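Input: a single structure, listed below in structure tokens.
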Amino acid sequence: MLIGWFKHLHQRYTDWCGDRDMELAIRKHLTANGFFGGTAKLRNVRLVAVQRPGWLQVFRFEAQVRVRPTDDYDDIADPEAEYQLVYGLVRDDIRRNVNSIRTFTREDQRKELFARWSKDLICLRGAHSLVT
């Protein structure tokens, strides 16, 4: 029982975003791109690249999202709801107060964008799976 509690606590820490403004921006982006962003389950939000002195940062994330139906009828209790795993990147430029968020259905698309966004930046340990 104690081991289960520690696993639960570890998972909560792993899925914790840590930046409320960025979490809201990601959810807003998901909502604007055909998903129910408010109910998305964000996972593995990690800083993966930074430019000294830290004004420019690149984060990675995954999200389990429910696809918004194309018709106007939004049934919350729809038993045939479609869920999708999306891969995303956030480029946060604090100097200019600009957040660029991109989401992809395939991980290789995210790797391609990460290669462009992280050019001349310091890649951190969390970026090991994004570097090709």
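The values are calculated or read from the model by the stated rules, or taken from the named source; none is laboratory data. Here the structure is a predicted model, which means the values were calculated and not measured. Methodologically, a virtual Cβ is constructed for each residue, glycine included, from the backbone with ideal geometry; neighbour enumeration extends over all protein chains shown.
Structure summary
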quantity	calculated
Residue count, the stretch 95-108 (criterion: outside any strand (DSSP E or B), at pLDDT below 90 and either among the charged types (D, E, K, R) or under 14 Å from PHE59 (Cβ atoms) (or both))	2
The stretch 48-59, residues that are surrounded by 10 or more Cβ atoms within 10 Å (Cβ to Cβ) and modelled with pLDDT under 90	GLY54, TRP55
Selection within the stretch 19-33 - surrounded by 14 or more Cβ atoms within 10 Å (Cβ to Cβ), under 24 Å from GLU112 (Cα atoms) and not hydroxyl-bearing (Ser, Thr, Tyr)	MET22, GLU23, ALA25, ILE26, ARG27, LYS28, HIS29, LEU30, ASN33
Pairs where the first residue, in the stretch 109-132, is under 12 Å from ARG60 (Cα atoms) and the second is among the aliphatic types (A, V, I, L, M) and at pLDDT below 75, C-beta under 6 Å, 6+ apart	LYS111/LEU130; PHE114/LEU130
The stretch 6-37, residues that are at pLDDT below 90, closer than 15 Å to GLU62 by Cα and hydrophobic (A, V, I, L, M, F, W, C)	TRP16, CYS17, MET22
